[in-house]
Amino acid sequence: PATINRIAAGEVIERPAAAVKELVENALDAGARRIAVRIDGGGIARIEVTDDGGGIPETELALAITRHATSKLTDEALVRIATLGFRGEALPSIGAAARLTLVSRPRGQDAAARIAVAGGAVSEITPVAAPFGTSAIVEDLFYATPARRKFLRSVASETTACADAVRHLALAAADVAFALSIDGTTSFDVPAQDRRARVAALYGRGDAEALVALEAVREDITISGFISPASVTRATARHQHMMVNARPVRDPLLRLALRVAYRDVIPAGRHPLAALWLDIPPEQLDVNVHPAKSELRFAAPDAVRSLLIGAVQRHLATPAG
Ligand code: ADP
Ligand code: MG
């Protein structure tokens with residue numbers, strides 16, 4: 001079973017940023033109002049995600065780290081995925097690839113309970129003192145799979161990928177307070193806020209003032225958010241964040257559409273800022289394309305593409321603030 005878990009772990013957890021994403025999504029699924037993320041050594045050495053959400057009852061801790069145990073899967077969830085996680089794969093995969101510790105205290109439970117798993121071997125559950133909510137700590141990622149560890153990039157670029165993942169999730173869930181600390185230094189610490197304020201906080205104030213609010217609706221598809229006029233040139237490809245039904249996505253179709261929309265107004269090699277939220281009926285989406293759930297398949301890709309391109313070009317022509 002350990003071998004199976006390790007192979008499967010590679011599918012879900014390709015690099016530290018993937019573990020970060022899974023843990024933060026779990027915190028959001030648990031109804032957290034504040035999520036604190038600490039990344040050390042590119043997330044290879046250590047990742048810690050602490051939330052104030054509903055917690056995991058002591059009796060379910062062992063189950064949570066067992067393969068394909070999810071408290072979220074219902075028949076309806078297969079069609080309308082309300083929660084971010086639904087496969088019950090993330091924690092077992094992380095537990096197979098790293099040292100994983102969970103400390104959790106649901107409301108009403110006197111103390112927190114701690115469980116640890118390393119290379120698939122599960123510890124006893126012990127009581128510890130901790131506030132309400134859950135902390136997930138991942139240490140020595142891929143220590144058990146040196147081959148995979150070799151494929152990681154530099155600590156600096158793994159750090160960047162982790163920070164991007166947190167920033168993307170923090171944009172997607174602007175109504176949740178987020179803190180990110182990297183190697184002991186606070187990267188950002190933002191309260192629950194509206195989307196414009198969150199974009200401003202995460203993209204930088206000067207940039208945010210130049211942002212143009214965008215809104216476009218066609219039938220039951222809505223796109224809203226903030227884009228930069230062509231003149232903002234400080235941005236890189238990392239200043240483009242797409243959220244589909246509140247889920248952070250890195251979708252080739254959306255990225256390409258954005259490039260096309262800006263093609264005639266921005267010099268080659270330059271990038272716009274864009275934080276865009278797309279709302280689309282779940283039955284027009286297949287989020288199951290990739291285990292990491294960030295790539296989508298649209299039932300009507302042309303409609304989505306043209307709505308996005310048209311909206312960006314119209315707002316660039318007549319900035320509406
Ligand atoms: P999934 O999110 O797909 O259900 P995971 O492996 O990510 O699978 O998590 C397994 C289960 O552990 C979840 O279904 C949930 O019940 C519980 N869990 C994990 N993280 C948290 C958390 N931060 N707060 C509360 N429950 C959690
Ligand atoms: Mg999950």
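Nothing in this text is a laboratory measurement; each read-out follows from the coordinates by a stated rule. All figures in this text were calculated on a predicted structure; none of them were measured in a lab. With ideal geometry, Cβ positions are generated from the backbone for all residues, glycine too; neighbour counts draw on all protein chains shown.
Here the simple spin-label model places points 7 Å from the Cα toward Cβ, and for residue 299 and residue 132 these points are separated by 4.0 nm.
Here the Karplus curve 6.51 cos²θ - 1.76 cosθ + 1.60, taken at θ = phi - 60°, turns the phi angles of segment 51-59 into couplings of 10, 10, x, x, x, 10, x, 3, 5 Hz, with x standing for Gly and Pro.
At most 16 other Cβ atoms within 10 Å and a DSSP loop assignment: could you name the trypsin sites (Lys or Arg not before Pro) in segment 131-205 that fit? Hits after loop and neighbour filter: 153.
Per-residue 3J(HN,Hα) values for segment 118-130, derived from phi via the Karplus relation 6.51 cos²θ - 1.76 cosθ + 1.60 with θ = phi - 60°, read 9, x, x, 8, 9, 7, 5, 8, 10, x, 9, 8, 6 Hz in sequence order (x marks Gly and Pro).
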